[in-house]
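Take a look at the structure below.
The values are calculated or read from the model by the stated rules, or taken from the named source; none is laboratory data. Nothing here was measured: the structure is a model prediction, and the numbers come from that model. As a convention, Cβ positions derive from the backbone with ideal geometry for all residues, glycine included, and neighbour counts pool all protein chains shown.
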């Protein structure tokens, strides 16, 4: 496979064929993200993609999922995506799930009918970064969409029958808006109604705008105890009956993998115990991206 730059995929795509159809991220303005800062976004040629698919056809027959990288593969024009999914179906007929990252802008550029067309051709799962439901923070981190646009994008995905997985970031609002960020994020997630929620904890990366703000004293990262408080507020404000909730990424202080609302009381009790020091949290030295 011909890869360029950093290849980033969701943890649940560890056993997938990673097919890089774009290089970098079409937005690439988020202040907290350093994944593609020095990468000029481009769409790979159909020849490059076909060559990689030929490689996968020869060497990846035991893998039954495909993840389309990099940061926002849904930005491809609809005819190109239609041809790509059809080609995957032709060259990798054993594949039973195709997934990709998408942001609110690229989702909103597709009609529900277009998203349904992609689903019929094998697209199954879309990973979307909300980060926060707090509109002032969304603007400050230059996410490129407000909470209403995030909700509208999620509705389009649901209406198309696609699986939606949404990522949020504990700590992204700093200490100043910590509580309101957690509450608003839980409320927006409820409106988005994804099938899966993944909560990560912010880790400041040198070279990013947010890191520079932190060094300058403009942004203050909440202390671990306050981040656990954000996690509690977040879970408390998610009012969904059937959603997989995961906070088991290596960046988190308290690993959680549960079903909401079924396990809500148990999770809140666990967080309270961690806040009281009765349950150990992940040491700083073991946290990672």
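When residue 13 is tested against (1) touching a strand residue (DSSP E or B) at 6+ places or on another chain (Cβ under 8 Å); (2) surrounded by fewer than 16 Cβ atoms within 10 Å (Cβ to Cβ); (3) under 19 Å from residue 103 (Cα atoms), only condition (2) is not met.
When you check residue 55 against the structure, is it modelled with pLDDT of 90 or more, under 25 Å from the mean Cα position of the chain (by Cα) and farther than 16 Å from residue 128 by Cβ, yes or no? Walk me through it before giving the result.
Working: modelled with pLDDT of 90 or more: yes; under 25 Å from the mean Cα position of the chain (by Cα): no; farther than 16 Å from residue 128 by Cβ: yes.
Here the answer is no, as residue 55 does not meet what is asked.
Confirm whether residue 98 is part of a helix (DSSP H, G or I), closer than 21 Å to residue 12 by Cα and touching a residue at least 12 places away in the same chain (Cβ under 8 Å). Give the steps one after another, and end with the answer.
Details: part of a helix (DSSP H, G or I): no; closer than 21 Å to residue 12 by Cα: yes; touching a residue at least 12 places away in the same chain (Cβ under 8 Å): yes.
In short, no.
Every condition in (1) within 15 Å of the chain's Cα centre (by Cα); (2) modelled with pLDDT under 95; (3) outside any helix (DSSP H, G or I) is met by residue 6 except one, and the failing one is (1).
The set of residues in region 153-199 that are assigned to a helix (DSSP H, G or I), in contact with a strand residue (DSSP E or B) (Cβ under 8 Å, 6 or more places away or on another chain) and either crowded, with 23+ Cβ neighbours inside 10 Å or touching a residue at least 40 places away in the same chain (Cβ under 8 Å) (or both) comprises 153, 154, 157, 182, 185, 188, 189, 192.
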